[in-house]
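The numbers here are math on the coordinates, done by the rules we state, and not lab data. What you are looking at is a predicted structure, and each value in this text was computed from that prediction instead of being measured. As a convention, Cβ positions derive from the backbone with ideal geometry for all residues, glycine included, and neighbour counts pool all protein chains shown.
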Amino acid sequence: MFSAGSTPSVRVNSHYPGYRLEAPQGAVDTDRFRSLCNQAQRARNRDLDKAATCYQEALRCWRGRALQDVPPGVIRDAEARRLEHERTLALTRLVEIDLERGRYADLVPLLEQLVEERPLDERLCTQLMIALDRLGRAQDALDAYQRIRERMAAELGMDPSPVLEREMRRILERTE
């Protein structure tokens, strides 16, 4: 995710026990990503379109997995997980905004892909269920719930969260 480019003010210095990247604010993708996410959060309650645009721009900073070109190691792996978590959070916040804007048809293919990649992510599954239900596809939403419930039981020995359960019950009550 990092790209220092050919900016002359970007330097990599040796600093025991490794190296330190010295760059002006905004010269590294993560700075731009975080700045755009902060702008989106500030705009969230005032202007959904602006917030969505900021999240979309932030997510365009990504060009593959975080730190994919850096050799694996304890520090790199921890940082990569943290950055991937930030990316997922930005993506789920953008999905929330798009749900509020009624963009259900656009969201379903994306959410189906995300749920396939992260099959135990209850937040993504809940968002998929909401989008499917609002498109009139209640049975597909209930099927999505059933898949995550079975997977959680098999892999984690757990039941779905109360949030996911409430969404399933809301759909069932409405369709009965």
Quarter of Cα convex hull surface for the range 1-147, i.e. mean projection, nm²:
10.4
Rank 41, 19, 78 by how far each Cα sits towards the positive end of the charge dipole of the range 1-101 (+1 on Lys, Arg Cβ; -1 on Asp, Glu Cβ) and give me just the farthest.
19
The helix 48-59 Cα axis meets the longest alpha-carbon principal axis of the chain at an angle in degrees, between 0 and 90 and rounded to 10, of 50
Identify the residues of the range 94-112 with backbone N under 20 Å of a label point that sits 7 angstrom from the Cα of residue 45 along the Cα-to-Cβ direction, or state none.
94-101
Hey, if you put +1 on the Cβ of every Lys and Arg and -1 on every Asp and Glu Cβ in the chain, which of 120, 68, 104 ends up farthest toward the positive end of that dipole?
68
State the extension gain, in nm to one decimal, for the chain segment bounded by residue 159 and residue 15, taking 0.36 nm per residue of separation less the distance between their alpha-carbons.
47.1 nm
Quick one: dipole size for the range 1-101, taken about the Cα centre, charges +1 on Lys/Arg Cβ and -1 on Asp/Glu Cβ, in debye to the nearest 20.
120
Spacing of the two label points (7 Å from each Cα toward its C-beta) at residue 25 and residue 65, in nm
3.3
Calculated from DSSP helices alone, with each H run of at least 4 adding -39500 (n - 2.57) and the total divided by the residues of the chain, [θ]222 nm to the nearest 500 comes to -21500 deg cm²/dmol
Does anyone have the angle between helix 29-43 and the longest principal axis of the chain? Alpha-carbon axes, 0 to 90°, nearest 10?
50
Does anyone have the angle between helix 74-100 and the longest principal axis of the chain? Alpha-carbon axes, 0 to 90°, nearest 10?
50
Cα convex hull of the range 32-84: mean projected area in nm², to one decimal?
3.9
For residue 121 and residue 38, FRET efficiency with R0 = 25 Å and r from the beta-carbon atoms, rounded to 0.05?
0.60
Would you mind putting 105-116, 14-25 in packing order, based on average other-beta-carbon counts within 10 Å, highest first?
105-116, 14-25
In nanometres, what is the gap between the two model label sites at residue 175 and residue 74, each 7 Å from Cα along Cα-to-Cβ?
4.9
Using the Cα centre as the reference, give the magnitude of the dipole from point charges on the C-beta atoms of the chain (Lys, Arg: +1; Asp, Glu: -1; all else neutral), rounded to the nearest 20 debye.
620
